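Engineer: Sending over a structure as C-alpha cells; questions will come in a sec.
The values are calculated or read from the model by the stated rules, or taken from the named source; none is laboratory data. Computed from a prediction, not measured in an experiment: that's the story for all the values here. In this analysis, Cβ positions are derived from the backbone assuming ideal geometry, glycine residues included, and neighbour counts consider all displayed protein chains. SASA here: full protein model, heavy atoms, side chains in, ligands and nucleic acids out. Shrake-Rupley method; radii C 1.70, N 1.55, O 1.52, S 1.80 Å.
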Amino acid sequence: MDESLRRMLLDWMRKIHQLEYAHCYQSIFWSTFEKWIGISAFIISTIVAFSYRFPKIHIPWVQDYLFPFILLIVAILTGLQTFLKPSEKAENHKRIGFNYEKMRHSIELILNTNMTNENRTQEIEIIKNEWADLKSVYVSNRKFKKGKKTVKDLKKYPEELSFLETIEE
C-alpha cells in the first residue's frame, strides 16, 4: 500500500475514533442528565405528596409559597425531560457512535488485509460514502475535546496531518 494512502487512512481512522468517543461521551451526558432530573423530580414530588403526613406546619409562607415553589421546580424538571428528550438524544448519540466504530473497523480491515488496489479503492469509496451519508448530530465542544484527548492518549495514531488545522487543546 502506498505510504500516503496509508497515512490518509490512519488520519481518517483517528478522526472517526475521536467522533466515536465524542458521541459516546455525549450519550453518557444525556443519560446522566435524564437520570438526575428524573430522580430529583421524583424525590421532590414524593416529599411534597407526603407532606400532608408531616406534623402540622403553622408557618403560612411554607404552605402558601414554599410548596407551590417546590411544585414549580418539579414542573420545570419534568418539562425539561419532556421537551429536551434526553433519552432520545442519548440513544441517537449512542447509535452514531456505533456507526463510527463500524467505519473505523472497516478502515482497520483495509489497512490490515492484502487486497488489490482496485478492491482497496472500492472499499475506500464505500467508507467515504458511509461517512458522507451518516446522519450525525453535533456534540458539545467539551465532549469533542474529551474524545480527541482520549484517542490521543491511546498513542495509536500518528500526529494529525500537517496540512490540517488542529483544534487547540
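Listed here are the residues, each with its yes/no results for (1) out of contact with any strand residue (DSSP E or B) (no Cβ under 8 Å at 6 or more places or on another chain); (2) free of Cβ contacts under 8 Å to residues at least 24 places away in the same chain; (3) among the aliphatic types (A, V, I, L, M); (4) farther than 28 Å from GLU159 by Cβ.
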| site | (1), (2), (3), (4) |
| --- | --- |
| MET1 | yes, no, yes, no |
| LEU10 | yes, no, yes, no |
| LYS15 | yes, yes, no, no |
| ILE47 | yes, yes, yes, yes |
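Engineer: Take the range 8-56 and flag every residue that is open to solvent by 90 Å² or more (accessible area, probe 1.4 Å) and under 24 Å from TYR100 (Cα atoms).
Structural biologist: Passing the criteria: only ILE28.
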